[in-house]
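The values are calculated or read from the model by the stated rules, or taken from the named source; none is laboratory data. Bear in mind that the values here come from a model prediction, so they are computed numbers and not experimental data. A quick note on method: Cβ atoms are made from the backbone with ideal geometry, for glycine too, and the neighbour counts reach across all protein chains shown.
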Amino acid sequence: MTEEDESKELYKLHNGDLKACLDTLHHQFSVLQSRSQLLLSLATITLTITGFSGPAIAKSHNVAAIMLSIGVVIVLASIIVMLIGTLRVNWITQLVESNSSATSLIRALQYRNKKTRWYIAELFLIVIGLSFYVVSLVIYLLKYA
């Protein structure tokens, strides 16, 4: 569904009330924000644990060291994407044009969709980074368990 079509549906749903439409978008932005904060917490925990256990895992095998290094770099990249993407603050009020409710809503929907794409990239990066991290942990456990 295009932003234009979605804006028409939102207007129908809220009887043409722009404030109600923007309230719906506000809720959607809050969902994106909280999910990105969750990913940021997960990434931070990963980096903290790596600080404590990383050297032991890296010493267990060269492949484990490489996997751990790649994983940490990708997790760090996901944090950077979060900070410049979903967690960057722009206000909905900056998108609102006083002379055109329809244009304002479409711009807000485009902004939400842009943030959603950022979130998907963040999620992709952290899953890939954690996968490398887990492989390094498995190698460590196979050697010492």
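Residues checked against (1) aromatic (Phe, Trp, Tyr); (2) closer than 25 Å to TYR133 by Cβ; (3) under 25 Å from the mean Cα position of the chain (by Cα):
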site	(1), (2), (3)
GLU9	no, no, no
ASP23	no, no, yes
THR50	no, yes, yes
ILE66	no, yes, no
LEU109	no, no, yes
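Mind listing just one residue for me: the one in the range 86-116 that is surrounded by fewer than 18 Cβ atoms within 10 Å (Cβ to Cβ) and among the β-branched types (Val, Ile, Thr) and, of those, nearest to GLU9 (Cα to Cα)?
Going through the qualifying residues, I end up with THR103.
Of the residues that sit in the range 84-104 and are assigned to a loop (DSSP other than H, G, I, E, B) and of a type in the set (A, V, I, L, M, F, W, C), which one is nearest to ALA121 (Cα to Cα)?
Going through the qualifying residues, I end up with LEU87.
How many residues, within the range 79-111, are β-branched (Val, Ile, Thr), closer than 18 Å to ALA20 by Cβ and free of Cβ contacts under 8 Å to residues at least 40 places away in the same chain?
2
Is it the case, given these coordinates, that ALA77 is modelled with pLDDT of 95 or more, under 30 Å from ALA145 (Cα atoms) and assigned to a helix (DSSP H, G or I)?
So ALA77 fails the test.
Every residue in the range 1-53 that is of a type in the set (Phe, Trp, Tyr), over 24 Å from ASN90 (Cα atoms) and in contact with a helix residue (DSSP H, G or I) (Cβ under 9 Å, 6 or more places away or on another chain), please.
none
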